[in-house]
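First the structure, in the form of structure tokens, and then the observations on it.
FYI, it's all coordinate maths here, none of it is from the lab. The structure presented is a predicted model; accordingly, all values stated were derived computationally and were not measured. Every residue, glycine among them, receives a Cβ derived from its backbone with ideal geometry; neighbour counts consider all protein chains shown.
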Amino acid sequence: MMVSLPTRYPEYLVAAIVIILAPGPSVLFAIARAISWGRVAAVFTVAGNALGMFTLSVLVAFGLGPILQRSEVAFISVQVLGGLYLIYLGLDAIRHSKIQAQDMLNQGEIRPSNLSSIRDGFWVGALNPKGLVFFAAILPQFLDRDGSNLTAQLLLMGATFAILAFIGDGTWGLLAGTVRNAMANSPSRLVLMRRIGGVVMILLGVFTLLAVV
């Protein structure tokens, strides 16, 4: 059965693009792979990452969808907790930006196979706390609670997020692979990116909390 697009789907696209462009673990990982081993490794890593994100969205959809369908309290609680956690993630990203960015550059000398790149990217995407918070707390506020099945809506929007993530993170990886020498010699640029990403996550968390009020 075809699932109609939620009424707030355009707004959801904007929110998804904003959080994808904010440099988090997935972006830094793709950049690090590009700097260490070039654009091909980065693209396969991003493909695995997108698959991991979609897998995470599927788990959230089947676990969270039925609950949100039945409970208004659960719907609001998820948004509040998600907003607070996003603020925490943003503060943590800023606090540890220098250490995390430097660690991402220390990838070793042996270029991984394409399959290994997909596997590594998959786990980064599946275990990315930013993705978990987005699917569990940010995404539900864009659903039509009085519309079609919420689980189906969550799956549709999760797939949308994975596609956008592949495009966005893949672009970061290709750019980093193109200017890999400049990026590798200036880890401070990764630190700045990480801090900007932290600020964006804090703002998104604040907006999420305000939407509940």
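Points worth noting:
- Rounded to two decimals, the Cα radius of gyration of the stretch 118-161 over 2.2 N^0.38 Å is 1.31.
- Annotation: peptides 113-119, 155-161, 46-52, ranked by per-residue average of other Cβ atoms within 10 Å with the highest first, follow the order 46-52, 155-161, 113-119.
- Extension gain for Thr55-Val73 works out to 3.9 nm (0.36 nm per residue, less the C-alpha to C-alpha distance).
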